[in-house]
Each structure stands twice: as C-alpha cells, then as structure tokens.
Amino acid sequence: MLQNVTQVFEMNHSAGNPLRHGLRSMLNTVYEMEFNNPLYCFTLPGFILMAGGLHMSLNLALASNPGGNFDFESVVWVFLLTLIGIFMSFAGILLHSISGLMRYKKINHVSLRGR
C-alpha cells in the first residue's frame with residue numbers, strides 16, 4: 001500500500017534562525033577555503049599583494065627626491081602590502097600541506113581499520 005507523499009517548500013526564506021544560517025554559511029565558506037583550496041584563496045592573493053608591495057617599493061625608490069625624502073604614507077603601504085602578502089602566502093602553503101596530511105592520515109586510518 002504505497003501513498004504519494006508531497007512536500008512543499010517556500011523558497012523565499014530559510015526555515016531556521018537567520019543568524020544561525022548566516023553563521024553556518026560563513027563557517028562553511030571558511031572551511032572550504034582552509035581545507036579544500038588554500039592555494040587559490042591564500043597563496044595566490046598573497047603573491048599578488050607581495051608583488052604589488054615590491055613594485056611600489058621599487059617605484060618609491062626610483063622616484064625619491066635627491067635629498068632622500070620619502071612619502072611616509074607610501075612607505076607604510078609598501079611595508080603592509082609586502083608583509084601581509086608574505087604571511088598570506090606562507091599560511092596558504094602551510095594550510096595546503098596540513099590538509100594534505102590530514103587527508104593522507106584519514107585514508108590510511110580507514111584502510112587500517114578495514115583489515
């Protein structure tokens with residue numbers, strides 16, 4: 001005796017708490033960035049920021065006054081861009097290595113349990 005079951009969803013709003021739904025979506029995005037593709041989300045923008053900082057430093061050095069006066073705001077931007085780029089690149093490489101190690105350990109743990 002089979003009966004047809006229908007289920008109707010309203011597509012205009014979420015069934016749960018909007019704050020909890022937003023927080024869960026944000027955490028899923030961060031998890032995705034950290035464990036599935038950290039090279040694209042951290043290392044690539046880090047290299048771009050680092051290259052931008054180095055380019056600005058070369059332009060600043062070439063365009064400096066003969067007296068040696070530097071624009072302080074440009075020096076701060078060069079320092080911040082280069083430093084943040086280096087840290088982001090390093091963090092992306094580390095996250096990529098750690099996530100690969102975690103996948104390796106998970107696969108080996110599952111295969112050892114199956115014996």
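Points to keep in mind about this one:
- A simple rule links phi to the HN-Hα coupling: the Karplus curve 6.51 cos²θ - 1.76 cosθ + 1.60 with θ = phi - 60°, which for the stretch 82-88 gives 5, 5, 5, x, 5, 5, 5 Hz, with x for Gly and Pro.
- Under the Karplus curve 6.51 cos²θ - 1.76 cosθ + 1.60, θ = phi - 60°, whole-Hz ³J(HN,Hα) for the stretch 35-40, x wherever Gly or Pro sits: 9, 9, 8, x, 5, 7
- For the stretch 90-100, putting each phi into the Karplus relation 6.51 cos²θ - 1.76 cosθ + 1.60 with θ = phi - 60° gives couplings of 5, 5, x, 5, 5, 4, 5, 5, 5, 5, x Hz, in residue order, rounded to whole numbers and with x for Gly and Pro.
- Formal net charge of residues neighbouring GLY92 (Cβ-Cβ distance under 15 Å; K, R +1; D, E -1): -2
Here, each number is a calculation from the coordinates, and none is a lab measurement. Everything numeric in this text was worked out from a predicted model, so none of it was measured. Heads up, the Cβs are rebuilt from the backbone with ideal geometry, glycines too, and the neighbour counts pull from every protein chain shown.
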